[in-house]
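Okay, structure first, notes after.
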Amino acid sequence: MTDRELALRAWESLFRAQHELFTAMSSDFNDAPITQAEYDVLLTVVRAPQMTVRLRDVTTNMLISQPSVSRLVDRMVDRGLVTKSADPDDGRGSVLTATDAGARAFRQVATTHGRSIAETMAALDDDELRSLLELTSKLRDSRR
């Protein structure tokens with residue numbers, strides 16, 4: 001059985017590290033053409049084949065808390081960052097496709113944000129990064 005106190009301390013440390021790093025990197029979006037939430041949506045859409053993905057997959061892959069993904073996506077459609085159409089395989093669902101403007105805005109921010117991530121993660125060596133990836137994957141898999 002896992003030591004409960006140790007588990008609580010480890011969880012708090014993981015949570016605080018994530019929160020502090022996330023907050024520090026939010027400055028990457030200060031003068032960006034898209035918000036952090038829009039970036040999060042585009043992260044999934046732009047990386048998908050033909051830059052097209054089901055809305056439910058975007059919702060599942062959101063890295064930040066977004067209680068109203070549909071409204072966010074509708075605003076992104078209005079801004080010309082994505083298009084939204086009926087899912088041909090599921091009449092109840094929607095499919096999102098990144099527009100050229102959305103992909104361009106994503107790439108612009110991804111360059112800056114990627115640099116911030118690399119600089120932050122440089123505090124760990126390659127073995128530590130592999131261990132972190134393994135441990136966080138194990139935690140995520142335990143909840144599925």
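The values are calculated or read from the model by the stated rules, or taken from the named source; none is laboratory data. It should be emphasised that the depicted structure is a prediction, and the values quoted were computed from it without experimental measurement. A quick note on method: Cβ atoms are made from the backbone with ideal geometry, for glycine too, and the neighbour counts reach across all protein chains shown. These accessible areas exclude ligands, DNA and RNA; they are computed on the full protein's heavy atoms, side chains included. Shrake-Rupley method; radii C 1.70, N 1.55, O 1.52, S 1.80 Å.
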Net charge near Ser70 (other residues with Cβ under 12 Å of its Cβ; Lys, Arg +1; Asp, Glu -1) is +3
The chain accessible area per residue, 1.4 Å probe, protein heavy atoms, integer Å², reads 71 Å²
Evaluated at 10 °C and 1.306 mPa s, the Stokes-Einstein D of the chain based on the Kirkwood radius over Cα pairs, in µm²/s, stands at 93 µm²/s
Using the Cα gyration tensor of the range 15-98, the equivalent ellipsoid's semi-axes, largest first and to the nearest Å, work out to 25, 14, 11
Around Arg54 (Cβ within 14 Å, Cβ-to-Cβ, excluding Arg54; K/R +1, D/E -1) the net charge comes to 0
From the Cα centre of the range 119-144 to that of the range 9-30, the distance in Å is 15 Å
Per GNM of the chain with C-alpha springs under 10 angstrom, the most fluctuating residue out of Thr120, Thr83, Thr99 is Thr120
Carbon and sulfur atoms account, in whole percent of the 1.4 Å probe accessible area of the range 1-59, for 57 percent
Excluding ligands, DNA and RNA, the carbon-plus-sulfur percentage of the accessible area of the range 75-128 with a 1.4 Å probe reads 48 percent
